[in-house]
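Novice: Please see the structure below; I have some questions.
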Amino acid sequence: MSSITLRADSAQALAPEAPGRRVEQAGAHPPMAPARKTGDVILDVQNISLAFGGVKALSDISFDVKEHEIRAIIGPNGAGKSSMLNCINGVYQPQQGSITFRGQTFKHMNSHQVAVMGVARTFQNLALFKGMSVLDNIMTGRNLRIRSNLFLQALRIGPAEREEMRHREFVEHIIDFLQIQPYRKTPVGQLPYGLQKRVDLGRALAMEPHVLLLDEPMAGMNVEEKQDMCRFVLDVNDEFGTTVVLIEHDMGVVMDISDRVVVLDYGKKIGDGTPDKVRNNPEVIKAYLGTSH
């Protein structure tokens, strides 16, 4: 899809910042977060290429993610952002390149292996169990942590019952953190879209991930819902110490909460660095303004 499909406000947010002026939509998101102290590289993506038949989705993409940072991946529609996340969490198997996570290098991993290692994912299109309650949806994120066998779980006796109580206590903490206590027994399908997004985030947090992949967590939200989600992302990073890799189309949000930004266009990397560096990159501005290639 052409770069011109991006919203005009995204291009404006990427325009060079005038002295004394922050590039943002008034009231669209919270003030810029204070600088965070990041650690060593926790995720290193090297020379990833992905193709579907004769269509190249990603071409020789490399970037790294440091522990405790918020790392954004941005780009026009069809740039390859979601494909990149799918490579990281094992949904897609790239034809070339490797991914190093916490010192271990892999060429191919499936999504179960990635989850066990500590990478959780939310999706652009919600994949919740609409007939199940908020509590039960978030409990599904604890499956990898459950040690009791299915027979003991079904009977809920002895160690299995005690283990379930511990997991439920952890989930209740997440529900409190996301401020959805009044809806804990409500079927997810009955909730407004913005609250369903919180449940999706809660299910990912229930996995206790080292790295959290967020695929457009604010898509379709109104201004107030975006403000809330921005605060939750910052609090997850700060209070839980979780490293965040974020895809988001609202450039005001990206420029405010991210430590570093990598920019994709037509499956190629065209920019990488701090928000200020990316904002002033002529090639990035060109892509977001929809200039024909």
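Novice: Going by the structure shown, is GLU224 without any contact (Cβ under 8 Å) to a residue 60 or more places away in the chain and acidic (Asp, Glu)?
Specialist: yes
Novice: Any chance you could count how many residues in the stretch 108-129 are more than 20 Å from GLY194 (Cβ to Cβ) and without any contact (Cβ under 8 Å) to a residue 12 or more places away in the chain?
Specialist: Count: 0.
Novice: When you look at ARG121, is it modelled with pLDDT of 90 or more and buried (at least 16 other Cβ atoms within 10 Å of the Cβ), yes or no?
Specialist: Against the criterion (modelled with pLDDT of 90 or more and buried (at least 16 other Cβ atoms within 10 Å of the Cβ)), ARG121 qualifies.
Novice: Farther than 30 Å from GLY39 by Cα, in contact with a Leu (Cβ under 9 Å, 6 or more places away or on another chain) and either modelled with pLDDT under 95 or buried (at least 24 other Cβ atoms within 10 Å of the Cβ) (or both): does that describe ARG184?
Specialist: yes
Novice: Looking only at residues in the stretch 55-78 that are of a type in the set (A, V, I, L, M, F, W, C) and over 23 Å from MET109 (Cα atoms), which one is nearest to the chain's Cα centre (by Cα)?
Specialist: Ranking the candidates gives ILE70 first.
Novice: Consider HIS167 against the criteria (1) modelled with pLDDT of 90 or more; (2) surrounded by 16 or more Cβ atoms within 10 Å (Cβ to Cβ); (3) not β-branched (Val, Ile, Thr): it satisfies all of them except one. Which criterion is unmet?
Specialist: Here HIS167 meets the rest and fails (1).
Novice: Could you check how many residues of the stretch 145-160 are assigned to a helix (DSSP H, G or I) and either modelled with pLDDT of 75 or more or surrounded by 14 or more Cβ atoms within 10 Å (Cβ to Cβ) (or both)?
Specialist: Within the stretch 145-160, residues that are assigned to a helix (DSSP H, G or I) and either modelled with pLDDT of 75 or more or surrounded by 14 or more Cβ atoms within 10 Å (Cβ to Cβ) (or both) number 3.
Novice: What's the number of the only condition in (1) assigned to a loop (DSSP other than H, G, I, E, B); (2) out of contact with any Ser or Thr (no Cβ under 7 Å at 6 or more places or on another chain); (3) closer than 27 Å to LYS56 by Cα that GLY241 fails to meet?
Specialist: Status for GLY241: all satisfied but (3).
Novice: For a quick check of your reading of the model, give me the residue pairs whose first member lies in the stretch 269-285 and is modelled with pLDDT of 90 or more, whose second is outside any helix (DSSP H, G or I) and of a type in the set (S, T, N, Q), with beta-carbon atoms closer than 7 Å and at least 6 apart or on different chains.
Specialist: Listed pairs, sorted by first residue: GLY271/ASN281; PRO275/SER258.
Novice: Are any residues in the stretch 250-268 touching a strand residue (DSSP E or B) at 6+ places or on another chain (Cβ under 7 Å) and either surrounded by fewer than 21 Cβ atoms within 10 Å (Cβ to Cβ) or not assigned by TED's automatic domain parsing to the domain that holds ALA72 (or both), and if so, which ones?
Specialist: Hits for the stretch 250-268 are ASP259, ARG260, LYS268.
The values are calculated or read from the model by the stated rules, or taken from the named source; none is laboratory data. What you see is a predicted model; the values in this text were computed from it and never measured. We place every Cβ from the backbone using ideal geometry, glycine too, and count neighbours over all the protein chains shown.
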